[in-house]
1. Looking at (1) modelled with pLDDT of 90 or more; (2) part of a helix (DSSP H, G or I); (3) more than 29 Å from the chain's Cα centre (by Cα), which is the only condition Glu479 fails?
2. Mind listing whichever residues of segment 387-414 are within 21 Å of Asp354 (Cα to Cα) and part of a helix (DSSP H, G or I)?
3. Residues in segment 487-499 that are in a helix (DSSP H, G or I) and either surrounded by 16 or more Cβ atoms within 10 Å (Cβ to Cβ) or over 37 Å from the mean Cα position of the chain (by Cα) (or both): how many?
4. For Thr376, work out the one condition from (1) without any contact (Cβ under 8 Å) to a residue 24 or more places away in the chain; (2) of a type in the set (Val, Ile, Thr); (3) in a helix (DSSP H, G or I) it doesn't fulfil.
5. If you scan segment 430-476, which residues turn out to be of a type in the set (Gly, Ala, Ser) and assigned to a loop (DSSP other than H, G, I, E, B)?
6. Kindly indicate the residue of segment 72-98 that is hydrophobic (A, V, I, L, M, F, W, C) and more than 23 Å from Glu297 (Cβ to Cβ) and also surrounded by the most Cβ atoms within 10 Å (Cβ to Cβ) among those meeting that condition.
7. Take Ile163 and tell me if it is touching a Ser or Thr at 6+ places or on another chain (Cβ under 6 Å), among the hydrophobic types (A, V, I, L, M, F, W, C) and surrounded by fewer than 24 Cβ atoms within 10 Å (Cβ to Cβ).
8. Residues that are at pLDDT 90 or above and more than 30 Å from Arg446 (Cβ to Cβ): which helices (runs of 4 or more DSSP H) entirely in segment 248-357 hold 1 or more of them?
Amino acid sequence: MKTDETNKTFAAIDLGSNSFHMVVAQEDGNTIRIVDSLRHPVRLGEGLDKQKNITTDTQERALQTLSQFAQRLRDVPKKRIRAVGTNTLRRAKNRKQFMAHAEQIIGKPIEVISGREEARLIYSAVSHALPETNGKRLVIDIGGGSTELVVGKKLKPCLMESINVGCVSFSKRYFADGKITKEQFKKAVIGAQSELEPIQKEYRKKGWNEVIGCSGTIKAVSKLQLELGISDGVITLAGINTLLDKLYKAGDINKLGLQQVSKDRMQVLAGGIAVLKAIFKSLDIDALHTSQVALREGLIFDMIGQLEHHNTQLQTIESLKKRYSVDLEQAERVKATAKQLFDLVAESWAFDSDTDLQQLKWAAQLHEVGLGISHTQFHKHGAYILENSDLLGFSIAEQTVLAFLVRYHRRKLVISAFDNLSNAEQDRIGRLLSLLRLSALLHRGRHDIEANKLKFKVKDNQLSVIADQKWMDEHPLTEASLNSEAERLYEIGITLKVKT
């Protein structure tokens, strides 16, 4: 059997609003070779009830699908597997319950990603799969609950949006009875155009040289036009209208007797075509070519090009620091001390030297980002920024942890805030938070700590700060703050001792 070091197989799972997809691939020069792919029409989006909870039946269907995927994952190294959730899991109120069961089955955490991060990954897949050109591309992916639109050049996206229109949501809203009429279709197109209106001017201004579509809806429309003799597979507005004329006459898409599109895709195709026509009209598109790759291939390219992924995260952090005028010297001071403390406790506190350290360093660099709004309660402003911004390269879970660390890096610790975390996460995040709080406290005066003036020791859950007596006498505010901090950290199970 191949070891993790020699096994270069990767797997990506996309828990979409319409279907769950999995691809297994191997690195092949500058591209990838797909060795297996699975798709199941779970219809997660249809399974949201009025309270936005995933119904029990839908969860059972989804978990059964993941059990099948898990069998295929047995020979894939864990570190080369990624699973992401998109629009429906972004909206589902009971997603944590569902994800806990799903993670047990596949043995990997599920990352719920933002719409713009989804768009970035989709563009990455398409740009890696197609020949490089000097022109700009518009990439379109119509999913079950959202549609991603990206304009980019070569491997770099420059304009990205995720719009809350999709084939499942629009089919459910406008074509629930399965009938397709001209009047109802017109309403659906107008509904999609209203969602596109806020972005159409910016997109038209940016411009592009070619348009690529990479979703199930778009591939289905291409196949239908080819089967019906409407076109050679290239999609145009005239071709969409000809297809619609045939659908209006049939009254029901299933009456056309088409062979090239699966039955489950047919059930959500009307909503998808409405969204596609709205995009053509809103963005004045001439022709659209299809691509066979999508989000899951983007995940694999992201895993292969980890340096590129980390660069995306780094660019996001740097952008936030610049936008909110973060004091760079202070951020570096706090980060350096946080890393010093981390290195001291990493082994005894069972930290991951990559993931946990990276989260701590991000939080240290951005702990004052809220000052860009107001000094008063800036930690709360910072948390709001981090929780509600689209942070490219970050999963929603990573954003949540980052926001939590910044929110509670100073002042009172709200113990009830930890209740939403699992027991394992409570310990891990609590320990990371203690390091960040101590680092920020020690640099409150916005100065460097002189060498040999402070030393740190750790034993189990006890942190000791050993200070030079003269230095402590010269910093009575720091001494008082450390004593107060000891009381606060004790509430989350960490003992802080101050010694001279």
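1. Checking Glu479 against (1) modelled with pLDDT of 90 or more; (2) part of a helix (DSSP H, G or I); (3) more than 29 Å from the chain's Cα centre (by Cα), the one that fails is (1).
2. Correct list: Ile396, Ala397, Glu398, Gln399, Thr400, Val401, Leu402, Ala403, Phe404, Leu405, Val406.
3. Keep residues of segment 487-499 that are in a helix (DSSP H, G or I), which gives 487-490.
Filter again for either surrounded by 16 or more Cβ atoms within 10 Å (Cβ to Cβ) or over 37 Å from the mean Cα position of the chain (by Cα) (or both), leaving 488-489.
Of the residues in that region, 2 qualify.
4. Single failed check for Thr376: (3).
5. If we filter segment 430-476 for residues that are of a type in the set (Gly, Ala, Ser), which is where we start, we get 430, 434, 439-440, 445, 451, 464, 467.
Result: Gly445, Ala451.
6. Taking segment 72-98 and keeping what is hydrophobic (A, V, I, L, M, F, W, C), we get 73, 76, 81, 83-84, 89, 92, 98.
Going one step further and asking which of them are more than 23 Å from Glu297 (Cβ to Cβ), we end up with 92, 98.
Working: Ala92: 24, Phe98: 21.
Here the residue is Ala92.
7. Values: touching a Ser or Thr at 6+ places or on another chain (Cβ under 6 Å): yes; among the hydrophobic types (A, V, I, L, M, F, W, C): yes; surrounded by fewer than 24 Cβ atoms within 10 Å (Cβ to Cβ): yes.
Criteria met by Ile163.
8. Numbers: elements: 263-266, 269-283, 295-304, 306-323, 328-345.
Answer list for segment 248-357: 269-283, 295-304.
The values are calculated or read from the model by the stated rules, or taken from the named source; none is laboratory data. No experiment lies behind these values; they were computed from the predicted model shown. Cβ sites come from the backbone with ideal geometry, for glycine too, and all protein chains shown count toward neighbours.
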